[in-house]
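Chemist: Pasting a structure here, questions to come.
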Amino acid sequence: PSPPPPSPPPPSPPPPDWGHTVTPGGELTLQRAFELSEVADNATSAKVIINLQGAHMLTPRTMSAAINSRVLLRSDGSAIITRNESALDDVDAPLLSIDAGATVEVDGVVLNGTVLVRGGQLDIRNTDVGYLTASNSGGGSGRRLQDDGTGARAALRVLGGSTTLSGCTFAGLVASHGSAINMLGGRLTVDGSTFINNQFSFRRYGTNYP
């Protein structure tokens, strides 16, 4: 009888995670870490882990199947990411945009700006979302959010994909639409998160209406 056919080779192991630690004043900026991660992502499909400490500026970033498709932003709670106002091509651009094909995790990092989810998967844990400093607050009570490019000013805007919030805080936000969250599509799961003193408001004849 003929010998049995050879067994197929075992599947290739998944690529190792790729990561960097970014600290204020260090040689590696958060912007540069994202740029380097694009190379690792495209070459190996590795999960990119960026460990953060302290305050960082970031030009509005879009993550998709082609760019930064698997990213974890991680901190012990000491890190904050703020939109770089001096490097904007579009003044209404969100801090982070998530598109189809991307899997993004944010753990323990304060997001000082809006987040827009059009597709893909976003998992935010142990994070303050939509925090803005007093210089950006628009002069009113609460922390006024910048436009997300569609006229709505929610801290988190969900148009598609899947978004999960765990242990997050949305507090003291003032927005023209949605305030903390504006959801027009996709799937949103919220677990153990806090919403305090967020306001919807619009301005007519120079007056704010909560």
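Read-outs: derived from the displayed coordinates by stated rules, not from any lab. Because the structure is a prediction, the values reported are computed rather than measured. With ideal geometry, Cβ positions are generated from the backbone for all residues, glycine too; neighbour counts draw on all protein chains shown.
Chemist: From the Cα gyration tensor of the range 42-115, with a ≥ b ≥ c the square roots of its eigenvalues, which class applies: rounded if a/c is under 1.5, or else prolate if a/b is larger than b/c, or else oblate? Provide the component values of the computation, followed by the final result.
Modeler: Details: a/c = 2.03, a/b = 1.13, b/c = 1.79.
Judged from the Cα gyration tensor, the range 42-115 comes out oblate (a/c at least 1.5, b/c at or above a/b).
Chemist: Which cross-chain or sequence-distant (5 or more) residues have an amide H under 5 Å from the amide H of residue 55, H modelled 1.01 Å from N in plane?
Modeler: 80
Chemist: If you don't mind, another one. Using modelled backbone amide H atoms (1.01 Å from N, in-plane), which distant-in-sequence or interchain residues come within less than 5 Å of residue 198's amide H?
Modeler: So residue 198 has HN proximity to 172, 173.
Chemist: Taking Cα pairs under 8 Å and at least six residues apart, what relative contact order does the range 19-126 come out at, in percent?
Modeler: On the way: 257 pairs, mean separation 26.0, N = 108.
Taking the mean separation of contacting Cα pairs over the length of the range 19-126, I get 24 percent.
Chemist: For the range 164-173, in order, what is each residue's ³J(HN,Hα) by Karplus, 6.51 cos²θ - 1.76 cosθ + 1.60 with θ = phi - 60°, in whole Hz (x at glycine and Pro)?
Modeler: 3J(HN,Hα) across the range 164-173, in whole Hz: 10, 10, 9, x, 9, 10, 10, 9, x, 8.
Chemist: Additional query: Rounded to two decimals, what ratio of Rg to Rh does the range 54-96 give with C-alpha atoms and a Kirkwood Rh? List each step's numbers first, then the result.
Modeler: Numbers: Rg = 11.7 Å, Rh = 11.7 Å.
Ratio of gyration radius to Kirkwood radius for the range 54-96: 1.00.
Chemist: Residues with amide H under 5 Å of residue 187's amide H, sequence separation 5 or more or different chain, H placed in the peptide plane at 1.01 Å from N; which?
Modeler: 161, 162, 163
Chemist: Another question, then. What does the charge add up to near residue 167, with Lys and Arg as +1, Asp and Glu as -1, over the other residues with Cβ less than 10 Å from its Cβ?
Modeler: Result for the local shell: -1.
Chemist: Further question on the same structure: Calculate one ³J(HN,Hα) per residue across the range 191-198 by plugging θ = phi - 60° into the Karplus curve 6.51 cos²θ - 1.76 cosθ + 1.60, and present them in order as whole Hz with x for glycine and proline.
Modeler: 9, x, 10, 10, 10, 10, 6, 8
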